[in-house]
Amino acid sequence: MSDKLLTLDEVAKILDKSPVTIKRYARENLLSAKGEGDDLVFKEEEVMRYLEFSKRLG
């Protein structure tokens, strides 16, 4: 298991969403994040799991 952390901009690029949208996902607990504002960090494993889930939904 990877404990690698990704920045807000990295997650936005991976998920092809704006940083504002990623912040909303964190606020709505769709993605777990640590930090505040533009200093949010996300676990890579969770981001990849979310990406796979969203692909299945279409």
Would region 27-36 turn up any residue that is in a helix (DSSP H, G or I) and at pLDDT 95 or above? yes
Identity of the residue in region 21-40, among the hydrophobic types (A, V, I, L, M, F, W, C) and touching a helix residue (DSSP H, G or I) at 6+ places or on another chain (Cβ under 8 Å), that ends up surrounded by the most Cβ atoms within 10 Å (Cβ to Cβ): 22
In the set 10, 52, 45, 28, the lone residue that is in contact (Cβ under 8 Å) with a residue 40 or more places away in the chain and either charged (D, E, K, R) or touching a strand residue (DSSP E or B) at 6+ places or on another chain (Cβ under 6 Å) (or both) is 45
Among the residues of region 1-21, which ones are in a helix (DSSP H, G or I), over 8 Å from the mean Cα position of the chain (by Cα) and of a type in the set (A, V, I, L, M, F, W, C)? 14, 20
Mind checking whether some residue in region 7-14 is surrounded by 18 or more Cβ atoms within 10 Å (Cβ to Cβ), of a type in the set (Val, Ile, Thr) and at pLDDT 95 or above? yes
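The values are calculated or read from the model by the stated rules, or taken from the named source; none is laboratory data. Computed from a prediction, not measured in an experiment: that's the story for all the values here. Backbone-built Cβ (ideal geometry, glycine too); neighbour counts: all protein chains shown.
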